[in-house]
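First comes the structure, then the notes that go with it.
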Amino acid sequence: MKFCQCCGMPMEGANYGKEKDGTLSEDYCEYCYADGEFTAQCTMDEMIEQCVPFCVEADPTITEEQARASMKAYFPTLKRWALK
């Protein structure tokens with residue numbers, strides 16, 4: 001399974017972002033990427049804060065703090081946030 005290289009969301013056929021020419025992005029979801037650009041100009045920490053509620057909703061057995069810590073470890077491995 002592929003994951004959005006910005007927010008970490010699982011990528012499924014209908015939720016791929018689009019390039020300027022209308023082709024599907026292989027790396028980013030529709031919420032993070034449209035018309036060849038990121039939909040939000042934010043830092044990695046700001047993206048994590050946007051994602052925390054969705055993670056807790058998807059897995060109610062974790063706390064916001066656990067979700068945040070998990071994403072702080074995972075996000076630097078994603079293409080948009082990779083530490084070079």
List, please: which pairs have Cβ atoms under 6 Å, are six or more places apart or on different chains, and start with a residue in segment 66-82 that is of a type outside the set (Lys, Arg) and end with one that is assigned to a helix (DSSP H, G or I)? 67/52; 67/55; 67/56; 71/48; 75/44; 81/44; 81/75
Out of everything in segment 16-41 that is in a loop (DSSP other than H, G, I, E, B) and either among the hydrophobic types (A, V, I, L, M, F, W, C) or under 15 Å from the mean Cα position of the chain (by Cα) (or both), what residue ends up being farthest from residue 4 (Cα to Cα)? 41
Pairs where the first residue, in segment 37-59, is more than 15 Å from residue 73 (Cβ to Cβ) and the second is in a helix (DSSP H, G or I) and open to solvent by 60 Å² or more (accessible area, probe 1.4 Å), C-beta under 6 Å, 6+ apart: 56/64
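Count, please, the residues in segment 45-71 that happen to be closer than 18 Å to residue 32 by Cα and open to solvent by 30 Å² or more (accessible area, probe 1.4 Å). I'd like the intermediate steps shown before the answer.
Taking segment 45-71 first, the residues closer than 18 Å to residue 32 by Cα are 45-55, 71.
Adding the requirement that they be open to solvent by 30 Å² or more (accessible area, probe 1.4 Å) leaves 45-46, 49-50, 53-55.
Residues that pass the stated criteria total 7.
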From 42, 4, residue being within 15 Å of residue 81 (Cβ to Cβ) and surrounded by 17 or more Cβ atoms within 10 Å (Cβ to Cβ): 4
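The values are calculated or read from the model by the stated rules, or taken from the named source; none is laboratory data. Because the structure is predicted, anything quoted here is derived from the model rather than measured. When we count neighbours, we look across all protein chains shown, and the Cβ atoms used for this are built from the backbone with ideal geometry, even at glycine. For accessibility, only protein heavy atoms count, side chains too; no ligands or nucleic acids. Shrake-Rupley method; radii C 1.70, N 1.55, O 1.52, S 1.80 Å.
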